[in-house]
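Working notes, beginning with the structure itself.
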Amino acid sequence: HKTLDHEVDVLEHQFNRNHVDTLMGLAKFIGPNEVEVATEAGETTRLTAEKFLISTGTRTYRPDYVPFNGRTVVDGDDFLEMADIPRSLVVIGAGVIGVEYATMFSALDVRVTLIEPRESFLDFIDKTLIQEFTHQIRENGVDLRLGSAVETIEDAGEHVEVTLANGRHVRAEMLLFAAGRLGATASLNLEATGLKTDHRGRLSVDRKTYQTEVPHIYAAGDVIGHPSLASTSLQQGRVAACHALDTPTMPESPWYPYGIYSVPEMSTCGMSEEELQERGIPYEVGVARFRETSRGHIMGLEHGMLKMLLSLKTRRVLGVQIVGEGATELIHIGQAVMNLQGT
């Protein structure tokens, strides 16, 4: 909350300094170029504009079969409001949020079971990295169950009982449901503009300009789906705003650094080995383990690795993947080399 309040203060200061008018309220489109805003004071204001940027983000996905109660059965938002740390936790959904919370709480000596209905998780990350990561979180005490669909979730008062499709039962003091998020677009009345969303309420955009199918309406951030990271969302907003106002801007870097703040951290930039194989690009792999370096030895690290993918033809760096201590601090070096087409 402290960080959020600080961020909001900084933005409000920036708005004032740059003469940006802000209007707090609930907005909906009433035509392709007009929105109606209902303010907290109960007034409605209509605004027209040539261009619009939608960056409403996402909200948690709360399916009917999960008995949310805000106490023992929670979503990613309620989770931060907990009064006490539970002794045991079940996390459903091994996406970025599920993996981060599961491993953080495992590091706090909470008994964690991470359940994912699919046979794999975090598919956009290199398989070698995921194998290393899986081995390490299991060693750290996370009970990872892949390919386990959830049949029922029962709120039994003192604990939560989860029945899996394979007949197994999992019991814990708290359950975190983190299986995806929905674009916060339901109340925008997008029909008035002719825009359609996908089944998760997200908008599709041209990834160079961030224009939606209706060219004068732009969208950026989590509402357009993957990668849904704070750093990438800020950059998308800049590109969209500059394009909307016909202002020249820096060309966008094709290489996004991804940071996953799990324990251990994971970070990647560029292509994974699987992508290179799909595209038929001849490549070579270099791997370095943290424990083999003097710095790693001084830090007492037993785990962690860096993997680099290089083009056999041009020797250029095509991808960098890191798992282990400080992974998210190191990835930018790889990104810089790739942006400068380094070898």
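Within the stretch 33-90, take every residue that is at pLDDT below 95, touching a helix residue (DSSP H, G or I) at 6+ places or on another chain (Cβ under 7 Å) and small (Gly, Ala, Ser) and give me the one that is surrounded by the fewest Cβ atoms within 10 Å (Cβ to Cβ).
Among them, the one singled out is GLY70.
Which count do you get for residues in the stretch 82-132 that are within 16 Å of the chain's Cα centre (by Cα) and among the basic types (Lys, Arg)?
Qualifying residue count for the region: 0.
Return the only residue of GLY141, GLY95, GLY147 being touching a Lys or Arg at 6+ places or on another chain (Cβ under 9 Å), closer than 27 Å to LYS307 by Cβ, surrounded by fewer than 21 Cβ atoms within 10 Å (Cβ to Cβ) and at pLDDT below 95.
Exactly one residue qualifies, and that residue is GLY95.
I'd like the full set of residues that are without any contact (Cβ under 8 Å) to a residue 60 or more places away in the chain and touching a strand residue (DSSP E or B) at 6+ places or on another chain (Cβ under 9 Å), limited to the stretch 118-143.
Those that are without any contact (Cβ under 8 Å) to a residue 60 or more places away in the chain and touching a strand residue (DSSP E or B) at 6+ places or on another chain (Cβ under 9 Å): ARG118, GLU119, SER120, PHE121, ILE130, THR134, ARG138, GLY141, VAL142, ASP143.
Taking TYR258, is it in contact with a Cys (Cβ under 8 Å, 6 or more places away or on another chain), assigned to a strand (DSSP E or B) and surrounded by 15 or more Cβ atoms within 10 Å (Cβ to Cβ)?
yes
A quick yes/no check of all residues on (1) in contact (Cβ under 8 Å) with a residue 40 or more places away in the chain; (2) among the polar types (S, T, N, Q); (3) over 21 Å from ALA184 (Cα atoms):
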| residue | (1), (2), (3) |
| --- | --- |
| LEU4 | no, no, no |
| HIS13 | no, no, yes |
| PHE29 | yes, no, no |
| ASN33 | yes, yes, no |
| GLU36 | no, no, no |
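So which residues in the stretch 60-104 are over 21 Å from HIS169 (Cα atoms) and aromatic (Phe, Trp, Tyr), if there are any at all?
Scanning the stretch 60-104 gives TYR61, PHE79, TYR101.
How many residues, within the stretch 278-318, are farther than 22 Å from LEU340 by Cα and within 25 Å of the chain's Cα centre (by Cα)?
Summing the residues that are farther than 22 Å from LEU340 by Cα and within 25 Å of the chain's Cα centre (by Cα) in the stretch 278-318 gives 4.
Out of (1) within 17 Å of SER88 (Cβ to Cβ); (2) in contact with a Pro (Cβ under 6 Å, 6 or more places away or on another chain), the odd one out for LEU108 is which?
(2)
Has the stretch 42-50 got at least one residue that is closer than 24 Å to HIS243 by Cα, of a type in the set (Val, Ile, Thr) and in the same structural domain as GLY201 (by TED's automatic domain parsing)?
Yes, the stretch 42-50 contains at least one residue that is closer than 24 Å to HIS243 by Cα, of a type in the set (Val, Ile, Thr) and in the same structural domain as GLY201 (by TED's automatic domain parsing).
Just give me the residues in the stretch 288-317 being in contact (Cβ under 8 Å) with a residue 24 or more places away in the chain and loosely packed, with under 12 Cβ neighbours inside 10 Å, in sequence order.
Within the stretch 288-317, LEU312, LYS313, THR314, ARG315 meet the criteria.
Of all residues in the stretch 102-115 being in contact with a Ser or Thr (Cβ under 9 Å, 6 or more places away or on another chain) and among the hydroxyl-bearing types (Ser, Thr, Tyr), which is surrounded by the fewest Cβ atoms within 10 Å (Cβ to Cβ)?
THR113
Restricting to the stretch 211-254, and then to whatever is in contact (Cβ under 8 Å) with a residue 12 or more places away in the chain and of a type in the set (Ser, Thr, Tyr), can you tell me which residue is farthest from THR197 (Cα to Cα)?
SER253
Condition first: in contact with a helix residue (DSSP H, G or I) (Cβ under 9 Å, 6 or more places away or on another chain) and hydrophobic (A, V, I, L, M, F, W, C). Now tell me which residues in the stretch 231-273 satisfy that.
LEU234, MET250, TRP255, ILE260, VAL263, MET266, CYS269, MET271
Taking LEU195, is it crowded, with 16+ Cβ neighbours inside 10 Å, within 24 Å of GLY31 (Cα to Cα) and more than 23 Å from the chain's Cα centre (by Cα)?
In short, yes.
The values are calculated or read from the model by the stated rules, or taken from the named source; none is laboratory data. Nothing here was measured: the structure is a model prediction, and the numbers come from that model. Note: ideal-geometry Cβ built from the backbone for every residue, glycine included; neighbour counts use all protein chains shown.
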